Amino acid sequence: MTSKIRCNDEVIILTGKDKGKKGKIKYFFNSTLVIIEGINIIKKHIKPNPSNSESVGGIIEKENFIHISNIAVFNNKTGKPDRIGFKIIKGKKLRFLKSNNQII
């Protein structure tokens, strides 16, 4: 099954600590989890590695996964989250926003 949401789509967060924030999808993981630029930032504690002189250790901030059900595509014209549909035009399957039929 093809996902209606793809990389580089501008999305808005629907639930959780980052609710209402917008960002672009950077990476998909197993079609249900995504990483979004600047969203769901976590702090990871890294131990120093004595065998690797470059690994100093410390606290690193990085983006964590968020489930695809907690995001929606952002419609710039209406300023609200929107749903996506598919149309076949001239033999090509295209995505469109359902509120105003704008092709993505």
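A short reminder: the numbers here are calculations on the coordinates, not readings from a lab. These numbers come from a predicted model, not from an experiment. Note: ideal-geometry Cβ built from the backbone for every residue, glycine included; neighbour counts use all protein chains shown.
Quick notes
- Dipole of the chain [Lys/Arg +1, Asp/Glu -1 at C-beta], most positive-end residue of His45, Ile88, Ile103: Ile88
- Simple point charges give the picture: +1 on the Cβ of Lys and Arg, -1 on the Cβ of Asp and Glu, and for region 10-77 a dipole about the Cα centre of about 200 debye.
- Amide H partners (placed H, <5 Å) of Asn40, local residues excluded: none
- Long-range HN-HN contacts of Ser3 with modeled amide H, under 5 Å: none
- Eligible lysines near Lys47 by straight Cα distance, threshold 25 Å, same-chain separation 8 or greater: Lys62
- Two-site FRET efficiency, Lys80 against Lys44, from Cβ-Cβ distance with R₀ of 22 Å, rounded to 0.05: 0.05
- Dividing the mean sequence gap of close Cα pairs (under 8 Å, 6+ apart) by how many residues the chain holds gives a relative contact order of 21 percent.
- Hits among aspartates and glutamates - C-alpha to C-alpha of Lys21 under 20 Å, sequence gap 8 or more where chains match: Asp9, Glu10, Glu37, Glu61, Glu63, Asp82
- Placing dummy labels 7 Å off each Cα toward the beta-carbon, the span from Lys4 to Lys62 is 3.2 nm.
- Karplus (6.51, -1.76, 1.60) ³J(HN,Hα), θ = phi - 60°, over region 40-49, in Hz, Gly and Pro reported as x: 6, 6, 10, 10, 10, 8, 10, 7, x, 10
- Candidates per trypsin sites (Lys or Arg not before Pro) in region 27-104, loop by DSSP, up to 10 other Cβ within 10 Å: Lys77, Lys90
- Over 31 Å (Cα to Cα) - which of Lys44/Lys77; Lys26/Lys92; Lys44/Lys98; Lys17/Lys90 fall in this group: Lys44/Lys77; Lys44/Lys98; Lys17/Lys90
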